[in-house]
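Each remark here refers to the structure printed beneath this line.
The values are calculated or read from the model by the stated rules, or taken from the named source; none is laboratory data. Predicted model, so just to flag it, every value in this text is computed and none were measured. Reconstructed Cβ throughout: ideal geometry from the backbone, glycine too, with neighbour counts over all protein chains shown.
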Amino acid sequence: MTHPRRTTHAIIATLTLTLAGALAGTAAARVTAGPAAVANGNHTGTVLVHASTVEPTLDQLNALRAVLAPFERVDAAVSAGFERFGHCMSGPQGAQGIHFTHGERIGDTTLDPLRPEVLMYEPRPDGSLRLIGAEYLVFQQDWHDAGNGAPPILLGREFSLNTTLLDEPFYALHVWVWQHNPLGIFANWNPLVSCEHEARGGG
C-alpha cells in the first residue's frame, strides 16, 4: 500500500480542549514506559505490545467523542483536512472500515488524544459513510528519532507495531468510540463492522 506520509500529495489527489489532568500522566508514560511482553499479532503483521495499562476514564472518552462529533458527516472531515486512504479494510476478526487520514498529523510525531491522525467510516446500504472510530498513528522511525525509547502510549494503552501494511513500520492505536466493539475499545478489528456495502457508493 502507498505510504501515507512520503506521498502526501498523491494521497490528497486520490485519498484546546486539553485533558490537562487525566491525560498528562499518559503523555509522560508514553516516553518512559517500561519493558513490555510482545506477542505475535494478527494476519496483517501487527505485533501486539502488551504493557501495564490503565483504562481510559469516561470523561476522556466523552471528550474524544465531542471532538469527533462534527465528523459524523464525512464531508466535514474532508473540509478539516482528512482524505480517503484506500478501500474498506476487513479480515477474519472483522473490519476497520474506510480510513480517512490527515496528512499533516501523520507527518509529525505529536500524539494528541483529541487530534487523531485517522478517522474510520463504515459504508452503509444507502451508500453513505458512518463514523465508527478513530486511529492514532506515528511512524516508528520518526518516533524513535524524536528521542523516544519506548513505543507510544495514549489513553493508558501502548500502541501496536505494524510492519507490513505500509512500506514503513508504524505504531497505531484504534479507539472504537463511535461503534461498540465486543473485542474491546482498543482492538484492531471490529466484528460488528462490515465492508459489505462498499460498492454501493461508500467505496
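The table below lists the values:
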| quantity | calculated |
| --- | --- |
| Condition met for Leu161 (under 22 Å from Pro70 (Cα atoms), assigned to a strand (DSSP E or B) and not aromatic (Phe, Trp, Tyr)) | no |
| Filter result for His102 (surrounded by fewer than 23 Cβ atoms within 10 Å (Cβ to Cβ) and within 13 Å of the chain's Cα centre (by Cα)) | yes |
| Cβ pairs under 8 Å, 6+ apart, first in segment 152-168 and at positive phi, second among the β-branched types (Val, Ile, Thr) and surrounded by 16 or more Cβ atoms within 10 Å (Cβ to Cβ) | Leu155/Thr26; Leu155/Val175; Gly156/Thr26 |
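Quick grid of which residues meet (1) modelled with pLDDT of 95 or more; (2) part of a helix (DSSP H, G or I); (3) within 17 Å of the chain's Cα centre (by Cα):
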site	(1), (2), (3)
Leu119	yes, no, yes
Gln141	yes, yes, no
Ala172	yes, no, yes
Gln179	yes, no, yes
Pro182	yes, no, no
Val193	yes, no, yes
